[in-house]
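The values are calculated or read from the model by the stated rules, or taken from the named source; none is laboratory data. Since the structure is predicted, the reported quantities are computational estimates derived from the model, not experimental observations. Glycine also receives a Cβ, built like all others from the backbone with ideal geometry; neighbour counts cover every protein chain displayed. The accessibility values were calculated without ligands, DNA or RNA, using every heavy atom of the protein model including side chains. Shrake-Rupley method; radii C 1.70, N 1.55, O 1.52, S 1.80 Å.
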Amino acid sequence: MRDRLHLLVLVGLFVLFLDKPIHIDDANFLAMARTAAETPWTPHDFMINWGGTTESAFHVLSNPPGIAWWLAPVSDGPITLLHAWMLPWLILAGVGAHRLGHRIAGKGQIASLLICGAPVAMLASHSLTPDLPLLACTLWGVDALLDEKRRERGALVMGMAACFRYSGLALLPLVVAWPWMQGERMRALRLGAIAALPI
């Protein structure tokens with residue numbers, strides 16, 4: 001139980017703001033999620049007014065559709081459900097930060113609380129944007145990549161980051177570089193291919 005104290009603290013902080021109103025960017029991604037609920041293969045196919053100009057959402061919301069697909073099942077639900085739907089990403093980020101912090105410095109609980117309990121991470125956890133999934137895929141994926149038994153899963157999860165934000169593509173060279181630097185050239189190429197699968 002004590003090993004999971006950091007997750008209880010994070011969930012406690014999360015629950016405090018379950019009824020936070022829809023904020024600026026949330027409305028755009030929620031609109032994309034509602035479109036994804038109707039037409040999953042074309043979630044960007046709607047018009048949106050941004051900065052006083054009505055234009056295609058594809059030009060405004062320059063992100064992959066991962067968050068739209070994630071929110072689609074609850075896109076017409078109450079605000080508390082929408083926020084609660086993001087909780088698995090916070091838990092995944094918390095577990096990843098804990099394992100990574102323990103692996104690098106032997107301070108898993110502190111790492112999890114410092115990274116995932118930081119104001120920027122808490123704000124992301126109460127937003128309907130791709131930021132929290134990107135953080136979760138990065139933290140959990142990097143830790144798994146460093147674990148001999150979970151490297152393939154780590155590569156896959158790190159590749160999933162690019163389904164939420166294009167900046168997640170920056171993780172792909174890391175997936176290849178880590179085993180490559182250890183002389184595992186074939187494994188590096190295989191992990192790179194696994195990471196590219198979600199894309």
Scanning region 111-137 residue by residue, the ones that are open to solvent by 40 Å² or more (accessible area, probe 1.4 Å) and without any contact (Cβ under 8 Å) to a residue 60 or more places away in the chain total 7
Going through region 113-130 in order, the residues found to be over 11 Å from the mean Cα position of the chain (by Cα) and not hydrophobic (A, V, I, L, M, F, W, C) are 117, 119, 126, 127
For region 165-183 the number of residues that are farther than 14 Å from residue 155 by Cβ and part of a helix (DSSP H, G or I) is 4
How many residues does region 138-161 hold that are of a type in the set (A, V, I, L, M) and open to solvent by 10 Å² or more (accessible area, probe 1.4 Å)?
6
Quick one: in region 22-55, which of the residues that are in a helix (DSSP H, G or I) and acidic (Asp, Glu) is most open to solvent (accessible area, probe 1.4 Å)?
38
Restrict the check to region 165-174 and report whether at least one residue is farther than 23 Å from residue 62 by Cβ, open to solvent by less than 10 Å² (accessible area, probe 1.4 Å) and of a type in the set (Gly, Ala, Ser).
no
Which ones in region 67-88 are out of contact with any His (no Cβ under 9 Å at 6 or more places or on another chain), open to solvent by less than 20 Å² (accessible area, probe 1.4 Å) and closer than 24 Å to residue 142 by Cβ?
67
